[in-house]
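Engineer: The structure that follows is given in the form of C-alpha cells.
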Amino acid sequence: MRVLIVGCGYVGLPLGTELVRQGHEVFGLRRSAEGSETLVAAGIKPLTGDITQPSDLQSLPGPFEWVVNTVSSTKGGAEEYKEVYLQGTRNLVDWLAGSSIQKYVYTSSTSVYGQTDNSQVKESSSTEPKSQTSQVLVETERFLLDAFQARRFPTIILRAAGIYGPDRGHLFLQYLKNEARIAGKGERIINMIHRDDLVGMIIAALKNGRAGEVYNAVDDEPVTQIHFFRWLSETLGKHMPPFATEEENSQRKRGLTNKKVSNRKVKMELGYAFQYPTFRQGYTAEIQRLDQAGQLNTEPEPR
Ligand SMILES: NC(=O)c1ccc[n+]([C@@H]2O[C@H](COP(=O)([O-])OP(=O)(O)OC[C@H]3O[C@@H](n4cnc5c(N)ncnc54)[C@H](OP(=O)(O)O)[C@@H]3O)[C@@H](O)[C@H]2O)c1
C-alpha cells in the first residue's frame, strides 16, 4: 500500500518503520525538515507540510491508500487544539475525500470520556468531557464520523490512553526523578497503552478495522495511581512517593476524570493480541532497557 503518516513523531515514526518492514511504501509528514535523516534511515520518505495550511496539502505527492493522522498539538491550549486537531482534520478530509483512500486512522484520546465516577467506559459510553481541549477532540471525532456517514470517508478512530514506552511515561519519569506525588489518596485510575501496542493497533485497524468505527486503544489493566507506584516501588526497591499537599491536590483536581477504559472491542473485533498486556510487562521492558543503558537512577529522595 501507499501510506501517508501525518505527524511522524513518537508513535508515527515506529509505525512507519514497521509498515516499511512489512513492504509498504511509506511517506511521513512533519512541519519541518529537521530530523528527516531519521525517517530516511527507517525507509520512510520524508515530506514537509503543515496540516493547518490547505495549500501545503495540495502540494503533497498523492494519492495514498492508507492515511494515519498521529499529529499532536505541542502546546496545550484549546485554540491550538482547534487549529491542529479540528481544522487540521477538516483540511485533511477535504484534501483526501474523493481520492483512492481506503482507510484513514485517527488517534484520538480516552480523554473524550469525561466520567469521574470510576465506572467502566466503552466506545458507546457518553463523551461529555469538562476540559475544553478534550471537547475539541470530541468535535474532531464527530466531524470524522459525519464524514463517514455523509461521504463514506473511510475513517477509523482509535481512542488512545496515556502512551508510554521508551523514554515516555509521565508518572514513571517523575518517579525516577523523585518528583512524583500521590494525588489525593492515590485512588484515581490510570489507563495506559504501550507505544508499540498502539502501533500494532493502528496497523490492525488499517488492515481489518471497519470504517466508521471507534476503538479504545488501552491495555488490560486500568490501575489506581497508588497501586502503580507500589508496583514501581517494589520493582525498583525505592521509596513510595510522598502524598501531595492539599494545595497541590486542589490545583490538580480541576477537569480530572476517573474511569476504567475497556479494550474488549479492539480484542473482539480486531483480534488484537497485546505485546504488553499491562503496565507490568511494559515497564519491566523499559526498566531493563534503562538499566542496560546505565540510565536507571534508583537513588531515593533524601528524607
Ligand atoms: N501522549 C499521549 O499520552 C497521548 C494520549 C492520547 C492520544 N495521543 C495522541 O497520539 C498521537 C501520537 O502522539 P505522539 O506522542 O506520537 O506525538 P508527537 O511525538 O508529539 O508527534 C507529533 C508529530 O506531529 C507533527 N506535527 C505537529 N503539528 C503538525 C502540523 N500542524 N502539521 C504536520 N505535522 C504536525 C510533529 O512534527 P513537527 O513538530 O516536526 O511538525 C510530530 O512529528 C497524537 O494524535 C496524540 O494526540 C497521545
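The values are calculated or read from the model by the stated rules, or taken from the named source; none is laboratory data. Worth saying up front: this structure is predicted, and the values here are computed from it rather than measured. Here Cβ is always computed from backbone atoms with ideal geometry, including for glycine, and neighbour counts include all displayed protein chains. These area figures cover heavy atoms from the full protein model, side chains too; ligands, DNA and RNA do not enter into them. Shrake-Rupley method; radii C 1.70, N 1.55, O 1.52, S 1.80 Å.
Engineer: May I ask you to list the residues in the stretch 178-203 that are surrounded by fewer than 16 Cβ atoms within 10 Å (Cβ to Cβ) and acidic (Asp, Glu)?
Structural biologist: Glu179, Glu187
Engineer: So the check is Cβ under 7 Å with 6+ separation or different chains; which pairs have a first residue in the stretch 69-81 that's of a type in the set (Phe, Trp, Tyr) and a second one that's more than 6 Å from the ligand (Cβ to nearest atom) and open to solvent by 20 Å² or more (accessible area, probe 1.4 Å)?
Structural biologist: Taking only residues 6 or more apart or on different chains, the pairs are Tyr81/Thr133.
Engineer: Quick one: how many residues across the stretch 204-263 are open to solvent by less than 50 Å² (accessible area, probe 1.4 Å), out of contact with any Lys or Arg (no Cβ under 6 Å at 6 or more places or on another chain), of a type in the set (Ser, Thr, Tyr) and part of a loop (DSSP other than H, G, I, E, B)?
Structural biologist: Residues in the stretch 204-263 being open to solvent by less than 50 Å² (accessible area, probe 1.4 Å), out of contact with any Lys or Arg (no Cβ under 6 Å at 6 or more places or on another chain), of a type in the set (Ser, Thr, Tyr) and part of a loop (DSSP other than H, G, I, E, B): 1 in total.
Engineer: Going through the stretch 48-61 one residue at a time, which ones are over 17 Å from Glu83 (Cα atoms), touching a strand residue (DSSP E or B) at 6+ places or on another chain (Cβ under 7 Å) and touching a residue at least 24 places away in the same chain (Cβ under 8 Å)?
Structural biologist: Scanning the stretch 48-61 gives a single hit, Leu60.
Engineer: Still on this structure: Scan the stretch 149-166 for residues that are more than 11 Å from the ligand (Cβ to nearest atom) and open to solvent by 40 Å² or more (accessible area, probe 1.4 Å) and jot them down.
Structural biologist: Correct list: Gln149, Ala150, Arg151, Arg152.
Engineer: If you don't mind, another one. When the residues of the stretch 120-171 are narrowed to those that are in a helix (DSSP H, G or I) and hydroxyl-bearing (Ser, Thr, Tyr), which ends up nearest to Gly98 (Cα to Cα)? Step through it out loud before you land on a result.
Structural biologist: Pass one, the stretch 120-171, residues in a helix (DSSP H, G or I): 132-151, 170-171.
This time we only want the ones that are hydroxyl-bearing (Ser, Thr, Tyr), so: 133-134, 140.
On the way: Thr133: 30, Ser134: 29, Thr140: 20 Å.
Only one residue tops the list, namely Thr140.
Engineer: Quick one: which strands (runs of 3 or more DSSP E) lie wholly within the stretch 5-108 and hold at least 1 residues that are crowded, with 22+ Cβ neighbours inside 10 Å and within 12 Å of the ligand (Cβ to nearest atom)?
Structural biologist: Output list reads 25-30, 66-69.
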